[in-house]
Amino acid sequence: MRPLDGITVVTLEHAIAAPFCTRQLADLGARVIKVERPVTGDFARAYDERVRGLASHFVWTNRSKESLTLDVKHAEAAGILARLLEQADVLVQNLAPGAAARLGLSYEVLREQHPRLIVCDISGYGASGPYRDKKAYDLLIQSESGFLSITGSPDAPAKAGCSIADIAAGMYAYSNILAALLQRGRSGRGCHIEVSMLESMVEWMSYPLYYAFDGATPPPRAGAAHATITPYGPFTAGDGKTVMLGLQNEREWEVFCRAVLERPELAADPRFSSSSRRTANRQELEALIVASFASLSSEQLIGRLDAAQIANARMNDMHDVWEHPQLRARGRWAEVATPAGPIPALLPPGAVDAFTPRMDAVPALGQHTDAILGELGWDAAAIERLRQAGAI
């Protein structure tokens, strides 16, 4: 038995934040019914064609779901949605600002008819405040939250290479829904959850916020290096490959000087004898480190760092990660079906011995429409009439 077996989630979702939330609910056993536009579906289906003709974002965030096509603005849609919600435990939506309320799907409307229903609204900025009606995409929230101001090189900001604002909002929606299900188990009542992408990202920005507390200077943009700890970041070995390393305290600094650089006298050098001094003299120190590493291959350098128990990592690209020996040794890859054939998929992080996570197929657009409507009481003739009318 999985933790969410028997829980039904209805979701009006697109892009990443809500789909990532609901996919994780499906991982735990929830039945997730994804309502999509007829013909086009979730617009993330068309982001690219990198996975045998399917979109990389879509296959990542939509496995184990059922796809129901429905034009939510059609006159017949309200009756279908009402019937769906009669059996639902959770409603998730990340439609445009105000769209759910216009469809009669606000918590204020639903709570009287469905007192056990948990309603989770995901938006860019929240349902109140001066930014309430602004459109919000991942990059824009990275900018508004201050993330871009501390990420990149000194000369130019850089966005994160994956959709971290969407992921942050999806994770907080997921964890809040789990908490709400626990609370409902005690109280018997549902609740309203509101998740803002901006607030999710600002929570993740708390370290640089506090570093800049009370008007202090914010962390500088430092590329792949740590902005306030040195040495901590990428260094080039003698074979031209990049090795990441990180030191956290003075004990590690002394060991690094003695066992890795083989220059023990640097540990007490007044330029480098504390974390703040090393950061203030970053360029001098990094030049010394690169000169020392020039005689070592990346494998020799990693061997020396490992022997000294200094944290380090290879700078892998995506092809390296597909073949990562640690993931393979731990059996972290599974296989899921898609409309284009089976593909590998990472098992959900967190290896739990009490159940096996659900790893079902990525649905084709509208794949489950007839079956779901049949469950709800529509017969074949009525379903065909809805199809001809463009409702599904």
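The values are calculated or read from the model by the stated rules, or taken from the named source; none is laboratory data. In this text the structure is predicted, and so the values were computed from the model without any measurement. Here Cβ is always computed from backbone atoms with ideal geometry, including for glycine, and neighbour counts include all displayed protein chains.
Name every residue in region 1-47 that is more than 20 Å from the chain's Cα centre (by Cα), closer than 22 Å to Thr369 by Cα and among the basic types (Lys, Arg), in order of residue number.
Arg31, Arg37, listed by residue number.
Does region 89-96 contain at least one residue that is touching a Leu at 6+ places or on another chain (Cβ under 8 Å), part of a helix (DSSP H, G or I), in the same structural domain as Pro344 (by TED's automatic domain parsing) and touching a residue at least 12 places away in the same chain (Cβ under 8 Å)?
No, because not a single residue in region 89-96 is touching a Leu at 6+ places or on another chain (Cβ under 8 Å), part of a helix (DSSP H, G or I), in the same structural domain as Pro344 (by TED's automatic domain parsing) and touching a residue at least 12 places away in the same chain (Cβ under 8 Å).
Return the total of residues in region 89-116 being within 21 Å of Ser196 (Cβ to Cβ), buried (at least 16 other Cβ atoms within 10 Å of the Cβ) and under 25 Å from the mean Cα position of the chain (by Cα).
8
Got a number for residues in region 107-131 being touching a strand residue (DSSP E or B) at 6+ places or on another chain (Cβ under 8 Å) and part of a loop (DSSP other than H, G, I, E, B)?
Total satisfying the criteria: 5.
Could you check region 178-215 and list, in sequence order, the residues that are surrounded by 13 or more Cβ atoms within 10 Å (Cβ to Cβ), under 24 Å from the mean Cα position of the chain (by Cα) and over 20 Å from Ala127 (Cβ atoms)?
Matches in region 178-215: Leu178, Leu181, Trp204, Met205, Pro208, Leu209.
When Arg50 is evaluated against the numbered criteria (1) charged (D, E, K, R); (2) within 25 Å of the chain's Cα centre (by Cα); (3) buried (at least 16 other Cβ atoms within 10 Å of the Cβ), which criterion, by number, is the only one it fails?
Single failed check for Arg50: (3).
So Ser275 ticks every box in (1) modelled with pLDDT of 95 or more; (2) closer than 26 Å to Met205 by Cα; (3) not hydrophobic (A, V, I, L, M, F, W, C) but one. Which box is left unticked?
Among (1) modelled with pLDDT of 95 or more; (2) closer than 26 Å to Met205 by Cα; (3) not hydrophobic (A, V, I, L, M, F, W, C), Ser275 violates only (1).
Which of the residues spanning region 163-181 are touching a strand residue (DSSP E or B) at 6+ places or on another chain (Cβ under 6 Å) and β-branched (Val, Ile, Thr)?
Taking region 163-181 first, the residues touching a strand residue (DSSP E or B) at 6+ places or on another chain (Cβ under 6 Å) are 169, 172-173, 176-177, 180.
The answer is Ile177, and nothing else.
Please identify the pairs in which a residue from region 12-24 that is touching a residue at least 24 places away in the same chain (Cβ under 8 Å) and in the same structural domain as Ala361 (by TED's automatic domain parsing) has its Cβ atom under 6 Å from the Cβ atom of a residue that is among the hydrophobic types (A, V, I, L, M, F, W, C) and assigned to a helix (DSSP H, G or I), counting only partners at least 6 apart or on another chain.
Here the result reads His14/Phe43; Ala15/Ala44; Ala17/Ala169; Cys21/Ala173, each pair linking region 12-24 to a residue that is among the hydrophobic types (A, V, I, L, M, F, W, C) and assigned to a helix (DSSP H, G or I).
Report every pair of residues separated by at least 6 positions or lying on different chains whose Cβ atoms are under 9 Å apart, first residue within region 248-269 and of a type in the set (Asp, Glu), second in a loop (DSSP other than H, G, I, E, B).
Glu250/Ser273; Glu250/Ser274; Glu252/Ala308; Glu252/Gln309; Glu252/Ile310
Can you tell me how many residues within region 16-61 are out of contact with any Lys or Arg (no Cβ under 6 Å at 6 or more places or on another chain), of a type in the set (Lys, Arg) and within 13 Å of Val362 (Cβ to Cβ)?
Here the count works out to 3.
Picking from His319, His324, which residue would you name as being exposed (fewer than 14 other Cβ atoms within 10 Å of the Cβ) and closer than 30 Å to Leu346 by Cα?
On the way: His324 fails: exposed (fewer than 14 other Cβ atoms within 10 Å of the Cβ).
Being exposed (fewer than 14 other Cβ atoms within 10 Å of the Cβ) and closer than 30 Å to Leu346 by Cα holds for just one of His319, His324, which is His319.
From Ser153, Ser123, grab the single residue that is within 30 Å of Leu4 (Cα to Cα) and of a type in the set (S, T, N, Q). Full working, then the answer.
Numbers: Ser153 fails: within 30 Å of Leu4 (Cα to Cα).
That would be Ser123, the only listed residue that is within 30 Å of Leu4 (Cα to Cα) and of a type in the set (S, T, N, Q).
Working carefully through the options Ser149, Ser163, Ser145, find the one that is more than 15 Å from the chain's Cα centre (by Cα), surrounded by 17 or more Cβ atoms within 10 Å (Cβ to Cβ), in contact (Cβ under 8 Å) with a residue 60 or more places away in the chain and under 30 Å from Ala26 (Cα atoms).
Values: Ser149 fails: under 30 Å from Ala26 (Cα atoms); Ser163 fails: more than 15 Å from the chain's Cα centre (by Cα).
Of Ser149, Ser163, Ser145, the one residue that is more than 15 Å from the chain's Cα centre (by Cα), surrounded by 17 or more Cβ atoms within 10 Å (Cβ to Cβ), in contact (Cβ under 8 Å) with a residue 60 or more places away in the chain and under 30 Å from Ala26 (Cα atoms) is Ser145.
Tell me, please, whether a residue that is under 30 Å from Gly303 (Cβ atoms) and not polar (S, T, N, Q) can be found in region 160-173.
First, the residues of region 160-173 that are under 30 Å from Gly303 (Cβ atoms): 161.
Next cut, not polar (S, T, N, Q) only: 161.
Within region 160-173, one or more residues are under 30 Å from Gly303 (Cβ atoms) and not polar (S, T, N, Q).
Filter region 280-310 down to the residues that are in contact with a Pro (Cβ under 8 Å, 6 or more places away or on another chain) and either over 14 Å from Leu266 (Cα atoms) or β-branched (Val, Ile, Thr) (or both) and list them by number.
Ile289
Restricting to region 253-306, name every residue that is of a type in the set (S, T, N, Q) and part of a loop (DSSP other than H, G, I, E, B).
Here is the first cut: in region 253-306, the ones of a type in the set (S, T, N, Q) are 273-276, 279, 281, 283, 292, 295, 297-298, 300.
Listed by number, the residues that qualify are Ser273, Ser274, Asn281, Ser295, Ser297.
Being within 32 Å of the chain's Cα centre (by Cα) and more than 28 Å from Asp306 (Cβ to Cβ) is true for just one of Pro231, Pro270, Pro218. Which residue is that? Show your work before the answer.
Working: Pro231 fails: more than 28 Å from Asp306 (Cβ to Cβ); Pro270 fails: within 32 Å of the chain's Cα centre (by Cα).
It is Pro218.
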